[in-house]
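Beneath this line is the structure, given in structure tokens, with notes to follow.
Computed from the coordinates by the stated procedures, all read-outs in this text should not be read as laboratory data. Bear in mind that the values here come from a model prediction, so they are computed numbers and not experimental data. Here the Cβ is made from the backbone with ideal geometry for all residues, glycine too, and neighbour counts use every protein chain on show.
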Amino acid sequence: MLKKRYKAVIFDLDGTLLNTLEDLQASVNYALKRYNMPERSLEEIRCFVGNGIEKLIERAVVENAEDSVRRDVLASFKEHYAIHCNDKTGLYPGISSLLSCLKEQGFQMAIVSNKLQAGVDALYDRYFKEYLSVAIGARCGICKKPAPDTVFEALRILDIPKEQAVYVGDSEVDIATAANAGMQCITVTWGFRTKKEQKVAGADLFVEKPEDIISFLYFR
């Protein structure tokens, strides 16, 4: 019988479990258009995401935008995304089967995201509540990734030491978060970053398909 290397798996959300890019683009462009700013391509949005919506909007607005305008654009984005966050968003192929398998095999799981907590809650209720019970997003009083704080909070709730947990993500933010938490990072190649970008960020353990994650959770 194979012996487990880890007891818990901490997942990033956007670009790892869910493809949220088109809905993020639609809400960004809604807000930009409202304030007569040029819209952004899907490729631009791909490069802008990862550090939370404040940084997403900061990168998306025109360079000389005043802070008050930037705040207005952010508010418009939030308003639109709260309604339209599930228009085109969906699980990546194989994620549902992966989560079901991990649950059956007794692994504890959590989601840690830089998305606002309200957005994480909405997506959790639709996609993940049958598989896991911990889903942490950006909120007051706790530092966002790449700080390790939200990861440590998830592990505290799960009552699992970091040595018995692995982190799964797709971006340079995730790679840095795992490093800052002192955890191994499994980097997925189907998300919002190219493998070249991931390597530059320091990734050294890659998976091409969700089911490939399972083999790294056991001693070989």
Report the residue, chosen from N86, N36, N180, that carries the largest GNM mean-square fluctuation when the chain is represented by alpha-carbon nodes joined by springs under 10 Å. N36
With R₀ set to 25 angstrom, the calculated FRET efficiency between the beta-carbons of D204 and K129, to the nearest 0.05, is 0.15
Between E54 and N36, how many nm apart are label points set 7 Å from Cα along the C-beta direction? 2.8
Of the candidates L217, A135, L24, the farthest towards the positive dipole end of the chain (Lys/Arg Cβ +1, Asp/Glu Cβ -1, centred on the Cα centre) is L217
Magnitude of the Cβ-charge dipole (Lys and Arg +1, Asp and Glu -1) of the chain about the Cα centre, nearest 20 debye, reported as 520
Quick one: which residues, 5+ away or cross-chain, put their amide H under 5 Å from the amide H of R5? H built at 1.01 Å from N. Y218, F219
Label points 7 Å out from Cα along the Cβ direction at K4 and A179: separation in nm? 2.9
One finds, for E66 and Q105 with R0 = 41 angstrom and r their Cβ-Cβ distance, a FRET efficiency to the nearest 0.05 of 0.20
When the chain is modelled as a GNM with alpha-carbon springs shorter than 10 Å, which of A178, A203, A65 fluctuates the most? A65
Cleavage-rule hits (chymotrypsin sites (Phe, Trp or Tyr not before Pro)) in the range 1-88: DSSP loop, at most 10 neighbouring Cβ within 10 angstrom: none
Starting from the Kirkwood radius over alpha-carbon pairs of the chain, derive D by Stokes-Einstein at 25 °C in a medium of 0.890 mPa s and give it in µm² s⁻¹. 138
Rounded to the nearest 500 deg cm²/dmol, what is the calculated helix-only ellipticity per residue at 222 nm for the chain, with -39500 (n - 2.57) per DSSP H run of length n ≥ 4? -12500 deg cm²/dmol
Residues of the range 191-205 with backbone nitrogen within less than 19 Å of a virtual label 7 Å along the Cα-to-Cβ line of S97, please, listed as ranges. 191
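Calculate, in nm to one decimal, what A75 and C140 gain on full extension: separation in residues at 0.36 nm each, minus their alpha carbon distance. Intermediate values should be presented prior to the final figure.
Values: separation 65, 0.36 × 65 = 23.40 nm, distance 1.68 nm.
Using 0.36 nm per residue and subtracting the Cα-Cα distance, I get 21.7 nm.
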Counting C-alpha atoms alone, how compact is the range 21-84: give Rg to one decimal and Dmax as a whole number, in angstrom. 10.2, 29
With label points built 7 Å along Cα→Cβ from the Cα atoms of E153 and I83, find their separation and express it in nm. 2.9
Charge dipole magnitude, Cβ of K and R +1, D and E -1 - the range 21-84, Cα centre, debye nearest 20: 60
Part-to-part distance (alpha-carbon centres) for the range 1-18 and the range 192-220, which is given in Å: 11
Can you compute 3J(HN,Hα) from phi for each residue in the range 207-213, using the Karplus curve 6.51 cos²θ - 1.76 cosθ + 1.60 with θ = phi - 60°, rounded to whole Hz and x for Gly and Pro? 10, 8, 9, x, 5, 5, 4
Pairwise FRET efficiency - D121 versus E211, Cβ, R0 = 22 Å, nearest 0.05: 0.20
